[in-house]
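The values are calculated or read from the model by the stated rules, or taken from the named source; none is laboratory data. Owing to the predicted nature of the structure, the values given are computational and were not obtained by experimental measurement. Counting neighbours? That spans all protein chains shown, and the Cβs are built from the backbone with ideal geometry, glycine included. The area values use the complete protein model at the heavy-atom level, side chains included, leaving out ligands, DNA and RNA. Shrake-Rupley method; radii C 1.70, N 1.55, O 1.52, S 1.80 Å.
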Amino acid sequence: EAPNKKPTNPVNETRETAEYIDTMSKSTYHEKAISGPLTQAEKRHLALLHITFVTVEEHADKTVFSDPRMFKHMRTAVLNSQKHNEEYLKNLACNYPHIKRLTVTQIKPLSDNALRALSGLSDLDYLQLDCPLATPSLLPQVLPNSLDRLQIADAWPLPAMPQLTTLDINYCRLEKSFISNLRAPKLDHLNLNRVEIVKGALKDVGKF
């Protein structure tokens with residue numbers, strides 16, 4: 001309304017706004033929690049967002065990770081489903097092998113097929129398994145060498161872990177053999193939460 005106001009150019013304003021939103025989205029952390037089925041319109045909308053952290057809850061769509069275009073920027077996935085975690089893990093390994101952080105939570109044992117999918121996530125640097133395992137002896141075959149931090153729900157057998165610096169162990173009995181067989185030359189944080197420590201189990205901690 002001011003007499004000396006500079007005329008606006010709608011085309012330039014639209015382009016500048018779009019550039020601003022694009023710049024801000026790339027520098028901002030975006031989290032999305034999915035707790036139910038997704039419509040095709042919702043999936044198309046999600047594909048346009050810069051989402052880096054995705055949580056899937058119990059009643060989430062089991063095809064959430066079946067489209068590699070939907071979460072192109074995802075770095076962290078949290079799986080909280082009793083029914084679909086296996087399918088989520090398979091799809092993550094197939095369509096989102098670049099993710100860096102993964103948490104898996106469930107009450108029933110994680111199946112062998114779900115566990116094997118971890119081997120396809122070769123860029124993981126953080127893994128949290130808040131669940132029992134159907135076959136703990138399979139773990140050394142599937143854990144990525146890239147892991148920097150690992151949190152497990154029991155003292156399961158582990159492979160050589162060249163990059164591991166932090167190991168969290170929860171709610172278990174820690175046997176002497178676990179520490180003596182642990183091969184993690186960079187380990188500098190061993191966190192034990194509600195762990196029963198067998199006499200002599202920590203004798204070899206000094207080697208780290």
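Here are a few things to note about the model shown:
- Residues of segment 186-208 that turn out to be in contact with a Ser or Thr (Cβ under 6 Å, 6 or more places away or on another chain) and open to solvent by 100 Å² or more (accessible area, probe 1.4 Å), as a count: 2
- Among residues of segment 93-120, those that are touching a Ser or Thr at 6+ places or on another chain (Cβ under 6 Å) and more than 17 Å from Cys131 (Cβ to Cβ), counted: 0
- The residue pairs whose first member lies in segment 152-171 and is touching a residue at least 12 places away in the same chain (Cβ under 8 Å), whose second member is open to solvent by 30 Å² or more (accessible area, probe 1.4 Å) and hydroxyl-bearing (Ser, Thr, Tyr), and whose beta carbons are closer than 8 Å, counting only pairs six or more residues apart or on different chains, are Ala153/Tyr171; Asp154/Tyr171; Pro157/Ser137; Gln163/Ser146.
- Taking segment 154-185 as the range and being within 21 Å of Lys100 (Cβ to Cβ) and crowded, with 19+ Cβ neighbours inside 10 Å as the test, the residues that pass are Leu158, Met161, Leu164, Leu167, Ala184.
- Answer from Thr63, Thr55, Thr39 - the residue that is among the β-branched types (Val, Ile, Thr) and modelled with pLDDT of 95 or more: Thr55
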